[in-house]
1. What ratio of Cα Rg to 2.2 N^0.38 Å holds for the stretch 1-73?
2. With a point put 7 Å past each Cα toward its Cβ, work out how far residue 123 is from residue 350 in nm, to one decimal.
3. Go ahead and run the numbers for FRET between residue 425 and residue 154, Cβ-Cβ distance against an R0 of 60 Å, rounding to 0.05.
4. Once you've got the GNM for the chain with C-alpha springs shorter than 10 Å, pick whichever of 324, 164, 287 has the biggest mean-square fluctuation.
5. Over the Cα atoms of the stretch 234-324, compute the convex hull volume and normalise it per residue, giving Å³.
6. Normalise the Cα radius of gyration of the stretch 265-423 by 2.2 N^0.38 Å (N = residues in it) and let me know the number.
7. Per 5 Å bin, what percent of the C-alpha pairs of the stretch 387-427 does each bin hold, from zero upward?
8. What is the Cα centroid distance between the stretch 84-114 and the stretch 1-40, reported in whole angstrom?
Amino acid sequence: MSAKINAQEFARRRKELMAMIEPNSIAIIPAAEEKTRSRDTHFTYRQDSDFYYLSGFCEPEAVLVLIPGREHGEFVMFVRERNREKEIWDGYRQGPEGAVENFGADDAFPIDDIDEILPGLLESRDRVYYSLGRDPNFDQRIMSWINTLRAQARAGAVPPGELQDLDHFLHDMRLFKSATEAKLMRSAGEISAQAHIRAMKTCKPGMYEYQLEGELHHEFLKNGARAPAYNTIVGSGKNGCILHYIENTKKLESGDLVLIDAGCEYEMYAGDITRTFPVNGKFSEEQKALYEVVLNAQYAAIDAVKPGNHWNQPHEAAVKVLTQGLIDLGLLEGNLDELIADQAYVDFYMHRTGHWLGMDVHDVGDYKVSGQWRVLEPGMCLTVEPGLYISPDNENVDEKWRGIGIRIEDDVLVTTDGHEVLTASVPKTVEEIEALMAS
Ligand code: GLY
Ligand code: MN
Ligand code: MN
């Protein structure tokens with residue numbers, strides 16, 4: 001598990017982006033901000049995905065600037081200066097020297113000098129590309145740099161006339177994973193898979209949901225994945241019906257299912273897996289019946305992941321199997337096509353079948369192009385995660401079904417001839433799960 005994005009790949013991404021934007025433009029990308037957790041303690045810092053994608057640089061208080069065609073270099077960075085005192089307390093900093101030497105910047109300046117230098121870089125550029133409206137503070141800073149130039153108009157300064165959103169170009173690039181990115185996503189998927197196996201093997205009645213969370217996170221960390229890609233969900237019994245349940249405080253009861261939605265972040269790439277299994281190792285009749293409907297829906301949806309199919313086809317495949325299953329079990333009554341057209345399933349299945357997956361768990365990239373569902377192409381990566389959630393308060397169904405929540409989620413890469421499931425090593429059939437839990 002040692003693939004890494006190298007300097008050439010970061011450079012290639014910058015070049016590709018610069019080739020996409022209009023000539024005589026400038027693109028500006030800020031680093032993520034540090035966030036306070038309590039008083040003087042911060043949340044673990046995590047670089048902004050766009051910033052990292054173009055630089056590999058992990059420090060806060062930095063701004064990356066791309067200026068295609070600039071004579072003195074197209075790639076400019078503003079970073080924190082080195083500071084002996086601060087480095088003793090808080091760790092090593094690259095400084096402008098390191099940004100040039102280790103990160104390929106053509107020019108690098110102290111971040112404290114940005115208000116003096118950036119207006120000069122904007123001067124005579126027609127267009128500024130940045131992520132419009134994502135961070136109000138940064139929007140304001142861009143405007144203040146442009147206003148600095150406007151104030152100098154009589155001295156001949158020419159401010160840019162257009163602001164344009166950068167996300168569209170950059171996020172389309174991020175949607176297609178390179179060979180190295182696919183390797184990292186395989187690692188994220190495999191570490192996440194091992195964590196789920198560990199949770200299944202450890203689980204027994206009387207434990208608490210957070211103890212399974214601990215097992216998962218132990219496996220992540222042990223394998224160099226220093227953080228979960230999102231807050232881990234361990235929902236037992238009716239908590240499995242709460243889609244984003246993250247309290248994880250309940251005692252695990254024999255006879256209940258437990259739904260675990262957890263994935264690690266490895267080298268900035270996310271895994272995202274859900275498995276649902278019986279706390280005591282054996283599915284009840286009702287649990288098994290519903291589980292097999294969800295599993296068959298997931299198989300049908302995964303089958304629909306291939307080049308040439310469009311984004312919504314896996315969802316449509318899942319909805320069809322889920323609705324038929326609900327009819328077969330007596331939870332819905334009526335004609336399959338009509339129930340699908342009326343979205344009768346939404347009482348039991350209220351989310352979509354997946355999302356793009358990459359550096360962000362709900363990754364970037366458009367789902368529609370010119371009003372049409374996007375066609376799947378090799379290199380795209382998505383989750384496939386159908387579920388059924390029978391609300392504990394649903395009085396329209398037989399009591400025996402109430403409070404059962406099931407989701408099954410895998411990560412799938414579109415390949416030239418179909419797909420590759422990146423998270424296939426965690427068992428998901430009833431037989432496989434029961435065998436693993438008995439071992
Ligand atoms: N864990 C969030 C999701 O599955 O989308
Ligand atoms: Mn998930
Ligand atoms: Mn997901």
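1. For the stretch 1-73, the normalised Cα radius of gyration comes out at 1.33.
2. Those two pseudo-labels are separated by 5.7 nm.
3. FRET efficiency, residue 425 to residue 154: 0.35.
4. Maximum among the listed residues: 164.
5. Dividing the Cα hull volume of the stretch 234-324 by its residues yields 131 Å³.
6. 1.08
7. 6, 19, 16, 13, 10, 9, 12, 9, 5, 1
8. When both Cα centres are located, 16 Å separates them.
Read-outs throughout are calculated quantities, based only on the coordinates presented, and are distinct from any laboratory measurement. Please read all numbers here as calculations on a predicted model, not as lab measurements. As a convention, Cβ positions derive from the backbone with ideal geometry for all residues, glycine included, and neighbour counts pool all protein chains shown.
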